Amino acid sequence: MATPEESKAIQDRVLEIGTRLKTAPSDMLINFVFAPELSHQAHLFEAMGLVDIANTLCAIELHTISETEGYQLLAHLLKLQEKPDTFVTTPARGDLYTNREAWLAERTDAVGWLGAGRARRESTTTAFVLVMRQLILELNGTLIALGHVLIQQADCHMLSIMPDYTYLQAAQPTTFGHYLLGFTYPLLRDLERLELLLARLNLSPMGCGSTNGSTLLQGRQQLADLLGFKGLNSHARDAMWQADLFIEATSILTTCSINISRLAEDLQVYSTQEFALVELDDRHARASKIMPQKKNPFALTHIRGVANKMIGVLASVTAASRTPSGQPDNRLLIYGELPEAMQTVNNTVALMTEVLQEISFNADRGQALVESGWILATDLTETLVQQCGLDFRSAHQLVAFLASEYQGKSILELDDKTLRQAAEKVLGQRISITKAQLNIALDASHAIQARTEPGGTATCSMRNMITECREQLERYHEKNLAKQDYFASKQHDLLDRAIKEVG
């Protein structure tokens, strides 16, 4: 004869999956499978409640459930939505849905109508989509804030000269402002990708049963309206078992984290003694326990590490999704991993925003680095083309020769006489260049302002780009606020209607 504990476990098991199984789950299944599954779904509690409330309201309206039992079930769902102390999840009862169902079963027989015409996956899937929808909006807001800080610093450092680097070697003169603004455009593309993802995600999967709907009326459009979806996911089976959107979401998170990681990697290099271009605020650094002189830019290290983690999450989500269609294992881990990844990237973007707000740029060091080497070599080459009639290849050959011959010296030490002599030696021809023309070619500030075409470092070009970025960020900000307000109002209206109908 079964003990009271065993009988309770059997009762819970029957409640979870009907009458097909008569024995309690094994301890291994509970501890090794149910427990992780439940932990991955914990954050879906509130959203799952909204889904169940909306479903019950529609069921009453469509007479799928009688008013008496419908309002009884609705009243207890509203109590459960407050997450009372009496609701304690246990892996022995299965996943979040069946834990909620067990709590309701202890209080009302109307619980038998909770799953009418739908699988537990419908409730869990819809709750997951609602959570993802909100997390996307939160990430949008955080990215927009980072974009504004990038623009603010770009504006502030529009004339702060420094070398630009390729292959980690000094390449051409730029400004810290132009450099930073270059990271705003990938951010805008991240926002565009998230906007498109949200549009695809914001289609209701409710009323789809498990594969092809139900003969019991579900009211798909009514359900979509109640939960603020833009429309319906057209195909019932696709709605329940789609995998591509969650791969896409993880891919966007990975792209976003890599975009800011690239900035973090650069800034970590620029903060070294050898470059000494930037310094993080002490609040974003960590001291060494053995080397007293060290100020480690730890915030940047963390940001880089998150990008590494996201590459792993992308591989994990992609692998989990690569199943035959109609398999639950393509979602079990994703329920927890993807929202956690969303929050991690959101926090990382917020950290980068704070770092950039308080970072210091060493303008004197930037100027000194520009003047110390041959970073103006390209400008000199182009001057030879414009003023001396040389073709670019010949001018390039001449300046390359000088850079090789005078290693260890600054290009600013070059005089017009040496340049003319080198031209006769290397090219076998005379050139005519004045001291004034050479001085202009070797003036870093002139080099910055001479790049006037779109995308360049000149003040006029920078102002155009800053205006463009600000306008785009403002548009995203307004749309994001409108969506947040709309979803919040739909949630308020849903709960308000349920409370009023219960009376």
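The values are calculated or read from the model by the stated rules, or taken from the named source; none is laboratory data. What you are looking at is a predicted structure, and each value in this text was computed from that prediction instead of being measured. Note that each Cβ is placed from the backbone with ideal geometry, even for glycine, and that neighbours are counted across all protein chains shown.
Determine whether Val355 is part of a helix (DSSP H, G or I), at negative phi and at pLDDT below 95.
On the way: part of a helix (DSSP H, G or I): yes; at negative phi: yes; at pLDDT below 95: no.
No: the conditions fail for Val355.
Within segment 230-259, the only residue that satisfies the criterion of being of a type in the set (D, E, K, R) and outside any helix (DSSP H, G or I) is Lys230. Looking at segment 250-270, can you tell me whether even one residue there is touching a Leu at 6+ places or on another chain (Cβ under 9 Å), touching a residue at least 60 places away in the same chain (Cβ under 8 Å) and more than 28 Å from Gln343 (Cβ to Cβ)? Within segment 250-270, one or more residues are touching a Leu at 6+ places or on another chain (Cβ under 9 Å), touching a residue at least 60 places away in the same chain (Cβ under 8 Å) and more than 28 Å from Gln343 (Cβ to Cβ). Scanning segment 428-482 for residues that are over 19 Å from Gly147 (Cα atoms) and in contact with a Pro (Cβ under 7 Å, 6 or more places away or on another chain) returns Ala444, Ala447, Ile448. Going by what's in this entry, would Ala423 be described as small (Gly, Ala, Ser), surrounded by 16 or more Cβ atoms within 10 Å (Cβ to Cβ) and modelled with pLDDT under 90? Against the criterion (small (Gly, Ala, Ser), surrounded by 16 or more Cβ atoms within 10 Å (Cβ to Cβ) and modelled with pLDDT under 90), Ala423 qualifies. Scanning segment 220-229 for residues that are under 12 Å from Thr126 (Cβ atoms), in a helix (DSSP H, G or I) and in contact with a helix residue (DSSP H, G or I) (Cβ under 7 Å, 6 or more places away or on another chain) turns up Leu223, Leu226. On inspection, Val349 does not qualify as within 21 Å of Trp241 (Cβ to Cβ), in contact (Cβ under 8 Å) with a residue 60 or more places away in the chain, hydrophobic (A, V, I, L, M, F, W, C) and part of a helix (DSSP H, G or I). Here is a check on your reading of the model: is Thr142 over 16 Å from the mean Cα position of the chain (by Cα) and β-branched (Val, Ile, Thr)? It is false that Thr142 is over 16 Å from the mean Cα position of the chain (by Cα) and β-branched (Val, Ile, Thr).
Residue check: is Asp52 outside the structural domain of Leu217 (by TED's automatic domain parsing), surrounded by 15 or more Cβ atoms within 10 Å (Cβ to Cβ) and modelled with pLDDT under 55?
Numbers: outside the structural domain of Leu217 (by TED's automatic domain parsing): yes; surrounded by 15 or more Cβ atoms within 10 Å (Cβ to Cβ): yes; modelled with pLDDT under 55: no.
No, not satisfied.
Give me a count of the residues in segment 4-49 that are assigned to a loop (DSSP other than H, G, I, E, B) and at pLDDT below 55.
First, pick out the residues of segment 4-49 that are assigned to a loop (DSSP other than H, G, I, E, B): 18-26.
So of that shortlist, the ones also at pLDDT below 55 come out as 18.
Residues flagged as assigned to a loop (DSSP other than H, G, I, E, B) and at pLDDT below 55 within segment 4-49 amount to 1.
Among the listed residues Gly366, Gly336, identify the single one that is under 30 Å from Phe34 (Cβ atoms), assigned to a helix (DSSP H, G or I) and of a type in the set (Gly, Ala, Ser).
Values: Gly366 fails: under 30 Å from Phe34 (Cβ atoms).
The match here is Gly336.
Go through segment 426-479 and count every residue that is among the β-branched types (Val, Ile, Thr) and either assigned to a helix (DSSP H, G or I) or closer than 30 Å to Thr142 by Cβ (or both). It would help to see each step written out before you state the result.
So the first thing to find is which residues in segment 426-479 are among the β-branched types (Val, Ile, Thr), and the list is 426, 431, 433-434, 440, 448, 452, 457, 459, 466-467.
Narrowing the set further to residues that are either assigned to a helix (DSSP H, G or I) or closer than 30 Å to Thr142 by Cβ (or both) leaves 426, 440, 448, 457, 459, 466-467.
The number of residues fulfilling the criteria is 7.
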